[in-house]
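What follows is one structure encoded as structure tokens, with my remarks underneath.
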Amino acid sequence: MKKLLYIILILFLFTNVINIFIPVFAEESSSAEVSFCDRDGWVSMVDGYSGGQFNFSRLQQYPQPFVNENGRTMFPILYFDEIFRDGLSYDINDNTITITRNILDVITTVSVTIDSNVLIRNGEEIVMDTVPIRIGETIYIPLWWVADSLGYGVLWRDYQSKWWPGGMVEFGQLTSIFVYVWNEDKDSSPNGLRYSYTIGERSDDMSEIKANATSDFEDVFAVIKRLPQGATVLTTAIYGLDGYKVPYDIYNGITNAVFNGGYKGGYSTYCLDEIPPIINSLGDFTNEWYSEELSALGEPALYDSIGQIYRFSYIPSFWNPFVVRIEINDDGTADVCYKSGNGVAGPHSGGILKSESAKLSREETKEFLDLLNDKDYWNMPKEVERLGCDGYDVVIEGVKNGVYHIVNRWCPMENDSAFYIEKYFENLVKEKFPE
């Protein structure tokens with residue numbers, strides 16, 4: 001199932017670029033001082049290769065990180081050099097801590113002041129929900145706010161186990177350069193391929209991205225090679241729903257060059273087109289995923305349609321998707337529209353491979369509607385708790401008398417009514433739209 005595969009892929013990429021994760025142990029109602037004195041905290045630094053650890057408790061080093069009353073991890077500035085690398089340095093002047101990041105002469109400055117909730121990033125004031133503090137001779141900074149402002153991806157994992165009873169905050173390694181690849185030609189010609197980069201921060205502004213545009217990736221790689229070994233390079237493939245594709249071997253060549261050059265890498269995509277909410281009643285990720293597939297096939301939303309319409313969508317992990325839309329006519333017949341895609345929607349493939357139409361007689365239409373009634377389609381649960389890797393998803397939508405219903409399944413089994421509806425549509429495609 002693509003949803004689960006996506007999660008596994010993200011976890012794989014994150015594991016290979018993660019720099020630090022900090023389990024923190026604290027009573028829910030404890031004060032900062034009690035947490036600091038009574039709880040062990042430890043830091044593990046994973047560089048994607050060695051997986052080495054720096055354990056404060058094991059080395060009996062104090063002070064320790066702790067969670068304050070606002071749920072923020074407070075980190076001793078004393079250990080800054082053990083955690084923040086990648087061209088970062090800090091300075092303390094009275095009660096103000098100033099952290100400077102320098103990546104290829106692009107400077108980012110973050111300042112925080114003890115007992116103040118204002119963080120200043122490159123002159124811009126940002127209001128935090130907590131403050132840096134001093135306990136004895138030790139200064140503690142709010143790790144999330146500082147790390148996020150420096151460009152680290154920060155998230156909180158609520159692990160509750162004997163190993164991590166208090167949860168864990170972690171942030172990924174700072175990405176030094178963001179590389180972009182896209183196609184200027186709608187017909188996806190190799191001559192239209194362009195490459196660019198931004199330093200320190202990812203951009204969705206094409207005018208900013210195109211400022212460094214080149215038709216030769218070696219121009220971008222020359223900039224990457226100015227980075228120290230082990231730096232992180234994130235590649236983004238930019239594409240359109242209809243055309244402007246980037247061949248997979250081009251993307252693969254970029255990621256191989258990054259890896260073989262001794263750098264860590266990651267991959268993301270960015271669609272130039274606004275994806276309409278064709279599906280809007282499942283989870284956010286699933287809504288966007290299915291909507292992109294259906295938009296690439298030129299399909300409309302059904303939930304606000306008039307009349308009686310049904311749509312079966314077959315959305316696989318790797319091969320060609322297809323949709324079958326049946327619109328019931330007043331005379332008891334039906335119009336059928338069939339579309340298949342040229343691979344899954346994305347930067348390397350997508351779009352309509354085949355589009356055909358056909359008619360259902362009154363008898364054929366009645367057979368279809370009887371099947372839906374027999375399987376109690378309108379009362380079928382929207383989703384069931386069944387996940388798997390790869391395979392395919394089916395989406396069965398219906399709208400009648402202003403009422404909309406959607407059924408989503410991964411590889412339906414025979415004990416599910418969706419299985420028999422799927423088989424009906426598969427047989428309908430073979431009969432009405434043979435290869």
| Hits in region 92-109 (condition: β-branched (Val, Ile, Thr) and touching a residue at least 40 places away in the same chain (Cβ under 8 Å)) | Ile92, Ile97, Ile99, Ile103, Val106, Thr108
| Residue ID - surrounded by the fewest Cβ atoms within 10 Å (Cβ to Cβ), chosen from residues in region 95-150 that are within 21 Å of Leu78 (Cα to Cα) and among the small types (Gly, Ala, Ser) | Gly136
| said: Can you go through Thr269, Thr286 and tell me which one is modelled with pLDDT under 90 and surrounded by fewer than 16 Cβ atoms within 10 Å (Cβ to Cβ)? | reply: Thr269
| field | Matching residues in region 355-370 - criterion: being part of a helix (DSSP H, G or I) and surrounded by 12 or more Cβ atoms within 10 Å (Cβ to Cβ) | value | Arg362, Glu364, Thr365, Lys366, Glu367, Phe368, Leu369
| Among Gly332, Gly298, Gly307, which is surrounded by fewer than 16 Cβ atoms within 10 Å (Cβ to Cβ) and closer than 15 Å to His405 by Cα? | Gly307
| said: Quick test of your reading of the structure: Ser355 fulfils all but one of (1) over 30 Å from Ile250 (Cβ atoms); (2) out of contact with any Asp or Glu (no Cβ under 6 Å at 6 or more places or on another chain); (3) not aromatic (Phe, Trp, Tyr). Name the failing condition by number. | reply: (1)
| Among (1) touching a Gly at 6+ places or on another chain (Cβ under 8 Å); (2) within 30 Å of Val394 (Cβ to Cβ), which single condition is Val246 missing? | (1)
| request: Would you point out which residue out of Ser291, Ser317 is surrounded by fewer than 23 Cβ atoms within 10 Å (Cβ to Cβ) and at pLDDT below 90? | output: Ser317
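Filter region 216-227 down to the residues that are farther than 14 Å from Val181 by Cα and part of a helix (DSSP H, G or I) and list them by number.
Within region 216-227, Ala222, Val223, Ile224 meet the criteria.
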| task | Kindly indicate which of Thr130, Thr108 is over 24 Å from Ile177 (Cβ atoms) and either assigned to a helix (DSSP H, G or I) or touching a Lys or Arg at 6+ places or on another chain (Cβ under 7 Å) (or both). | result | Thr130
| Criterion: more than 22 Å from Gly341 (Cβ to Cβ), part of a loop (DSSP other than H, G, I, E, B) and without any contact (Cβ under 8 Å) to a residue 60 or more places away in the chain - qualifying residue of Gly230, Gly262 | Gly262
| task | May I ask you to list the residues in region 240-259 that are within 17 Å of Ile177 (Cα to Cα) and either free of Cβ contacts under 8 Å to residues at least 12 places away in the same chain or not assigned by TED's automatic domain parsing to the domain that holds Ser189 (or both)? | result | Asn256, Phe259
| remark: Going through region 272-283 in order, the residues found to be among the charged types (D, E, K, R) and surrounded by 15 or more Cβ atoms within 10 Å (Cβ to Cβ) are none
| field | The lone exception for Thr236 - which of (1) in a loop (DSSP other than H, G, I, E, B); (2) within 21 Å of the chain's Cα centre (by Cα); (3) of a type in the set (S, T, N, Q) it fails | value | (1)
| task | Among the residues of region 234-249, count how many are of a type outside the set (Gly, Ala, Ser), crowded, with 19+ Cβ neighbours inside 10 Å and modelled with pLDDT of 85 or more. | result | 8
| task | For region 162-215, name all the residues that are in a loop (DSSP other than H, G, I, E, B), surrounded by 14 or more Cβ atoms within 10 Å (Cβ to Cβ) and modelled with pLDDT under 75. | result | Trp164, Gly166, Gly167, Gln173, Leu174
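The values are calculated or read from the model by the stated rules, or taken from the named source; none is laboratory data. The model shown is predicted, which means the values in this text are computed figures rather than measured ones. Cβ atoms come from the backbone with ideal geometry, glycine included; neighbour counts cover every protein chain shown.
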